[in-house]
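A short write-up of the structure that comes next.
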Amino acid sequence: MATQILPEMEAIKQPTERVEIPTEHPHIVRIESEGWYPILRGSRIPVWLIASLYKQGDSPEDIHASYRHLKRAAIYDAISYYLDHKEEIEAEIESNKLENVLRKHNGRIVEGGFIVFDKPVQVEGKESEG
């Protein structure tokens, strides 16, 4: 019995080490497993999220009040990165808007505010139910 399970376990993909690729901003890194988009070092918070809050009028202090685990310097650095890479980050903000995410994944909002997916979506080359 154990010999039958072992080959299946070998096929399970082992987690890879999270390698941070530094940027010219000390608190901002890129990580392959995170899609290479810039994130705040030591977190999974993307720069586009901080930038979108900043664009909506939130101050760095307001953002810190919502994300207390982040250093203030990291929040300021994310805003600085956004200002230095505005075109890239604006594109990420646009692609992460709800209507664009729903379109990309064949989703829609139904009564009660639930999101449903009309068709299976492709995930890493395999068909799966959305």
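Derivation of every value follows stated rules applied to the coordinates shown; laboratory data play no part. What you see is a predicted model; the values in this text were computed from it and never measured. Because the Cβ atoms are built from the backbone with ideal geometry, glycine has one as well, and the counts that use them run over all protein chains shown.
To the nearest µm²/s, what D does Stokes-Einstein give for the range 36-89 at 20 °C and 1.002 mPa s, using the Kirkwood radius over alpha carbon pairs as Rh? Please list the in-between numbers first.
On the way: Rh = 10.9 Å.
Translational diffusion coefficient: 197 µm²/s.
In summary, the convex hull built on the alpha carbon positions of the range 25-127 has an orientation-averaged projected area of 8.1 nm².
Between VAL116 and ARG44, what length in nm is gained on full extension when 0.36 nm per residue of separation is reduced by their alpha carbon distance? Walk me through the numbers on the way to the answer.
Working: separation 72, 0.36 × 72 = 25.92 nm, distance 2.56 nm.
Once the chain is fully extended between VAL116 and ARG44, it gains 23.4 nm.
Under 30 Å of direct C-alpha separation, and excluding same-chain neighbours fewer than eight residues apart, LYS119 reaches these lysines: LYS13, LYS97, LYS104. Please find the FRET efficiency linking ASN100 to GLN56, where r is the Cβ-Cβ separation and R0 is fixed at 22 Å, and quote it to the nearest 0.05. It comes out at approximately 0.80. Couplings 3J(HN,Hα) for the range 57-65, derived from phi with the Karplus relation 6.51 cos²θ - 1.76 cosθ + 1.60 (θ = phi - 60°), are x, 6, 7, x, 5, 4, 5, 5, 4 Hz, where x marks Gly and Pro. Taking every alpha-carbon pair under 8 Å whose residues sit at least 6 apart, the range 18-96 reaches a relative contact order of 27 percent.
Tell me, in nm to one decimal, what length is gained between ILE109 and SER33 on full extension, where the rule is 0.36 nm per residue of separation less the Cα-Cα distance?
Working: separation 76, 0.36 × 76 = 27.36 nm, distance 2.88 nm.
Between ILE109 and SER33, full extension yields an extra 24.5 nm.
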